[in-house]
Amino acid sequence: MKIRWIPSFSWRGVTTQLFALVVLPLSILILVIAFGGLSLHRQAMRTMVGERDERAVRAAASAISEQLNHREKAIHSLALLASYLASPDELHIALSSSDYLVEDFDFGLAFFERGGVLLVSTGEATFWETLDPTLPPLQEALARDVPPTFLSIRHPQTGD
């Protein structure tokens, strides 16, 4: 029967003490610093991306808001112009000069008299001809004693 020699571990050796007191703690410290730095970097990147996304959303919202304000002012000026025009021909010329607005409205634009009678329209003619003049939003807008304004109406059949 053979007896194997098993090396004994002793804390008395210089190599073991050097490893236990210097190399191991420094290795642990380096790992802590590396993973801590990685965690801090990850947090900083998430914060930076969040701020960038917030700026992008604010810029997009501001641009959309500006476009809507521009369209509102253009329609309002068109409505004020219509209040100074008398004949349907002049109204039709005013509408045709505002073709750039028609793209924003699926069924076009129209001018109505106070009683709800259609004067002139652009876009989908059948929509404006079949529009019920007794629609509550239309009647409410026409009954107001204010300068001409614009009104957005949903299509009665499709809801567009």
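Among helices (runs of 4 or more DSSP H) entirely within region 43-160, having at least 1 residues that are at pLDDT below 70 singles out 136-143.
Please go through region 64-76 and pick out each residue that is open to solvent by 60 Å² or more (accessible area, probe 1.4 Å) and farther than 24 Å from LEU131 by Cα.
Within region 64-76, the first condition is being open to solvent by 60 Å² or more (accessible area, probe 1.4 Å), and the residues that meet it are 64, 66-73, 76.
ILE64, GLU66, GLN67, LEU68, ASN69, HIS70, LYS73 - these are the residues of region 64-76 that are open to solvent by 60 Å² or more (accessible area, probe 1.4 Å) and farther than 24 Å from LEU131 by Cα.
Summed over region 81-96, the residues that are more than 13 Å from PHE112 (Cα to Cα) and surrounded by 11 or more Cβ atoms within 10 Å (Cβ to Cβ) give a count of 5. What pairs come up if the first residue lies in region 19-45 and is open to solvent by 90 Å² or more (accessible area, probe 1.4 Å), the second is in a helix (DSSP H, G or I) and at pLDDT 90 or above, and their beta carbons are under 8 Å apart, counting only those six or more places apart or on different chains? Pairs found: none.
The values are calculated or read from the model by the stated rules, or taken from the named source; none is laboratory data. From a predicted model like this one, the values you see are computed outputs, not experimental measurements. All Cβ positions, glycine included, derive from the backbone under ideal geometry; neighbour counts span all protein chains shown. These area figures cover heavy atoms from the full protein model, side chains too; ligands, DNA and RNA do not enter into them. Shrake-Rupley method; radii C 1.70, N 1.55, O 1.52, S 1.80 Å.
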